[in-house]
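Asker: Before I ask anything, here is the structure I am working with.
The values are calculated or read from the model by the stated rules, or taken from the named source; none is laboratory data. Predicted, not measured: the structure shown is a model, and the values here were computed from it. Virtual Cβ from ideal backbone geometry, glycine too; neighbours counted across all protein chains shown.
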Amino acid sequence: MIKKSILVIFLILVTVAQANGGVIAVDRRGSSGHATIQAAINAAMPGDTVVIADGLYKENLILKSGIALRGRGSGLSRIEGDGDRPVIYGQGLEDVTLSGLSISSGRNKNIPLILLTASKISISNTLLYGSPLSAIEAKNGSEVNIKYSLIKGNRGSGLLSSGSKISIEKSFISGNGFFGIEIKEKGEASIKDSYINENQTGGVLVREGGKVSLQNNLIIGNIFNGIWIKDAICQASNNTIAGNTKAGIFLEPTAKGEISNNILYRNNTGIKGNGDQNKMGISTTNNLFWGNLENYSGLSKGAGDLVANPLFDTNYNLDDKSPALRGEKRIGALPASLLFTKLEEEPAQTVIQNDEGLYQTHYEAGMTYKNKGEYDQAIVEFNRSAELKSDYSLPYYQLGKIFERMRKLELAKDAYAKAVSLEPDNPDFHLALGETYWSLKEYSLAQEEIKKAMAINSKSEKGKKMLEKIETELEKNSDNQEEK
């Protein structure tokens, strides 16, 4: 039944693609015409769509103009580089789109996942993770539009733009080893309705004559500065900038632009200037400050600036009585729940609907963190996946495995029990729950779950051995009771 459903969805993707041009279908067995994505790209003509079935494709791709690559969702259609080249490379491209994909690095060394030179490309509903360098590097006048995507866990910057134009909307840029976003060499960026958090040397860096527009973003918990402007122009409005370890916004002497209607909350410094404010060409107006160790450093208070508690909850939602809400006007980003609702519910501009991809995106990110032993981050991602799709059993199963490794057996038991309730015909779930009951010395319950697993899969050697252990322990306990 599942295989039939997947086939139906794949055929729907093919049909929709055909309505807009030719279609080149890819599946790992080659039954639809091509077994590799690169072979399908080579066969495609401008206007064609390469539709990628479920599976892991270990390839390094060279794109060409006028084509679209469409997967079934970021947790389903996965591309992993298998050499010392970028996973995806494009030079001089026009009118290329990528959507519904997961792109990661295998053995690649010190190169980005996607390297673009003088190319125009749109990316949506895609997970980019695990690069030893940046996820995306765009240079020499490239134009990159990113929507509904997750760029996470790369060792370099999430996105590096050199002399290129970048647009990021409704996306997550999180947990990268360098900056979340780095713009240089007169590059330009428009970033809005996005979540930029926990990047290891800063959220956004703009330098060397770059320009950035930041609107309605959550820029939270980055190491060092949330926003760093150096010899560049910044227009930042209606952002919530919180919990960054140095400055919420750090302005070098050559910074220019306007900083208005932002909330600077619990940073080391709210806004820090490193030079003569009069020579900077920066205006700061109508910003709200609270909980920073110092609100201003090297700058004087801006016109209309306010020091007041914004009345956040733990997710940066504003209370109805917040001083950041001024009638129809607002300071700071949209409340977090509304921002995330937009990310979850608006369909991507592709044949892939966002609810098909986003819960899988978080599940895939959780698996990445789990495999790296970063359990706290993995727990966050699996919980987010489960919230987005309440009947999805796999996040609970993976949570159980993590809690088991952490020796939090009660939590493991609860997670496995939830997985079993959602998918009672999965023998692995019953087996895992039974083993947890065993570890908790709840032998009768362990026996019950293992028997359920064996009823579904009678050939399970692990189940047979486990059942023998439990029955031996129950007999031992019974003999001890009789002796007493």
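Asker: Counting just the residues of the range 310-351 that are farther than 26 Å from Gly73 by Cβ and of a type in the set (Lys, Arg), which one comes out modelled with the lowest pLDDT?
Answerer: By that ranking, first place goes to Arg326.
Asker: Are there any pairs with C-beta distances below 7 angstrom linking a residue in the range 439-467 that is in the same structural domain as Arg405 (by TED's automatic domain parsing) to a residue that is basic (Lys, Arg) and surrounded by 19 or more Cβ atoms within 10 Å (Cβ to Cβ), with the two at least 6 apart or on different chains, and if so which?
Answerer: Within 7 Å, the pairs are Leu440/Lys413.
Asker: Could you tell me which of the residues Thr472, Thr436 is farther than 24 Å from Lys370 by Cβ and either of a type in the set (S, T, N, Q) or without any contact (Cβ under 8 Å) to a residue 24 or more places away in the chain (or both)?
Answerer: Of Thr472, Thr436, the one residue that is farther than 24 Å from Lys370 by Cβ and either of a type in the set (S, T, N, Q) or without any contact (Cβ under 8 Å) to a residue 24 or more places away in the chain (or both) is Thr472.
Asker: If you take the residues of the range 194-234 that are under 22 Å from the mean Cα position of the chain (by Cα) and of a type in the set (Gly, Ala, Ser), which of them is farthest from Lys184 (Cα to Cα)?
Answerer: In this case the residue turns out to be Gly221.
Asker: For the range 143-191, give me the residue count where each residue is in a strand (DSSP E or B), at pLDDT 95 or above and charged (D, E, K, R).
Answerer: So the answer is 5.
Asker: Quick one: how many residues across the range 235-268 are buried (at least 23 other Cβ atoms within 10 Å of the Cβ) and either free of Cβ contacts under 8 Å to residues at least 60 places away in the same chain or within 22 Å of the chain's Cα centre (by Cα) (or both)?
Answerer: Residues flagged as buried (at least 23 other Cβ atoms within 10 Å of the Cβ) and either free of Cβ contacts under 8 Å to residues at least 60 places away in the same chain or within 22 Å of the chain's Cα centre (by Cα) (or both) within the range 235-268 amount to 16.
Asker: Please enumerate the residues belonging to the range 180-193 that are over 20 Å from the mean Cα position of the chain (by Cα) and of a type in the set (D, E, K, R).
Answerer: Lys184, Glu185, Lys186, Glu188
Asker: Output the residue which, of all residues in the range 244-276 that are assigned to a loop (DSSP other than H, G, I, E, B) and modelled with pLDDT under 95, is farthest from Phe224 (Cα to Cα).
Answerer: Of everything passing the filter in the range 244-276, Asp276 is farthest from Phe224 (Cα to Cα).
Asker: Still on this structure, please answer the following. Is it fair to say Ser260 is over 29 Å from Lys139 (Cα atoms) and among the small types (Gly, Ala, Ser)?
Answerer: Here the answer is yes, as Ser260 does meet what is asked.
Asker: Further question: What are the pairs with Cβ atoms under 8 angstrom where one residue, in the range 319-338, is within 22 Å of Ile220 (Cβ to Cβ) and the other, located anywhere, is modelled with pLDDT of 80 or more and among the acidic types (Asp, Glu)? Sequence gap at least six, or different chains.
Answerer: Hits for this filter: Asp319/Asp313; Leu334/Asp193.
Asker: Here is a further query. Report, ordered by the first and then the second residue, all pairs with beta carbons closer than 8 Å, sequence separation of six or more or different chains, a first member in the range 379-400 that is closer than 12 Å to His362 by Cβ and outside the structural domain of Ala432 (by TED's automatic domain parsing), and a second member that is of a type in the set (Phe, Trp, Tyr) and not in a helix (DSSP H, G or I).
Answerer: Going by the 8 Å Cβ cut-off, the qualifying pairs are Ser385/Tyr392; Ala386/Tyr392.
Asker: All but one of (1) under 25 Å from Asn315 (Cβ atoms); (2) in contact with a Leu (Cβ under 9 Å, 6 or more places away or on another chain); (3) basic (Lys, Arg) hold for Lys451, so report the exception by its number.
Answerer: Failing condition for Lys451: (1).
Asker: Taking the range 192-206 as the search range and keeping residues that are part of a strand (DSSP E or B) and in contact with an Asp or Glu (Cβ under 6 Å, 6 or more places away or on another chain), which one is modelled with the lowest pLDDT?
Answerer: The qualifying residue modelled with the lowest pLDDT is Lys192.
Asker: A further question on this structure: Working only within the range 181-205, note down all residues that are surrounded by fewer than 24 Cβ atoms within 10 Å (Cβ to Cβ) and farther than 16 Å from Lys139 by Cβ.
Answerer: Correct list: Ser190, Lys192, Asp193, Tyr195, Asn197, Glu198, Gln200, Thr201.
Conditions (1) within 37 Å of the chain's Cα centre (by Cα); (2) under 26 Å from Phe172 (Cα atoms); (3) at pLDDT below 90; (4) charged (D, E, K, R), marked per residue:
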| position | (1), (2), (3), (4) |
| --- | --- |
| Leu394 | yes, yes, no, no |
| Trp438 | yes, no, no, no |
| Glu449 | yes, no, no, yes |
| Lys459 | no, no, yes, yes |
| Lys469 | no, no, yes, yes |
| Asp479 | no, no, yes, yes |
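Asker: Condition first: over 19 Å from Arg85 (Cα atoms), hydroxyl-bearing (Ser, Thr, Tyr) and under 14 Å from the mean Cα position of the chain (by Cα). Now tell me which residues in the range 117-137 satisfy that.
Answerer: Those that are over 19 Å from Arg85 (Cα atoms), hydroxyl-bearing (Ser, Thr, Tyr) and under 14 Å from the mean Cα position of the chain (by Cα): Ser124, Thr126.
Asker: Under the condition of being in a strand (DSSP E or B) and without any contact (Cβ under 8 Å) to a residue 40 or more places away in the chain, which residue from the range 208-227 is nearest to Gly275 (Cα to Cα)? Outline the logic, then answer.
Answerer: As a first pass, look at the range 208-227 and keep what is in a strand (DSSP E or B): 211-215, 218-220, 227.
From the residues that got through so far, the ones that are without any contact (Cβ under 8 Å) to a residue 40 or more places away in the chain too are 211-215, 219, 227.
Details: Lys211: 19, Val212: 20, Ser213: 22, Leu214: 23, Gln215: 25, Ile219: 24, Ile227: 16 Å.
Step by step, filter the range 208-227, then rank; the result is Ile227.
Asker: Pull up the range 64-80, narrow it to residues that are crowded, with 20+ Cβ neighbours inside 10 Å and farther than 18 Å from Ala365 by Cβ, then point me to the one that is modelled with the lowest pLDDT.
Answerer: Restricting to residues being crowded, with 20+ Cβ neighbours inside 10 Å and farther than 18 Å from Ala365 by Cβ, the top hit is Arg70.
Asker: Looking at the range 362-371, is at least one residue small (Gly, Ala, Ser), at pLDDT below 75, crowded, with 24+ Cβ neighbours inside 10 Å and under 24 Å from Gly153 (Cβ atoms)?
Answerer: yes
Asker: Here is a further query. Can you find a residue that is basic (Lys, Arg), assigned to a loop (DSSP other than H, G, I, E, B), more than 23 Å from Tyr195 (Cβ to Cβ) and out of contact with any Pro (no Cβ under 8 Å at 6 or more places or on another chain) anywhere in the range 296-308?
Answerer: Yes.
Asker: Please verify whether the range 218-229 includes one or more residues that are closer than 29 Å to Pro112 by Cα and surrounded by fewer than 18 Cβ atoms within 10 Å (Cβ to Cβ). Please lay out each step first, then the result.
Answerer: Kept after step one, since they are closer than 29 Å to Pro112 by Cα, are these residues of the range 218-229: 218-229.
Pick out the ones that are also surrounded by fewer than 18 Cβ atoms within 10 Å (Cβ to Cβ) and you get 223.
Yes; the residues of the range 218-229 include at least one that is closer than 29 Å to Pro112 by Cα and surrounded by fewer than 18 Cβ atoms within 10 Å (Cβ to Cβ).
Asker: Here's another thing I want to ask about it. Across the range 433-446, what is the total count of residues that are surrounded by 24 or more Cβ atoms within 10 Å (Cβ to Cβ) and not β-branched (Val, Ile, Thr)?
Answerer: 3
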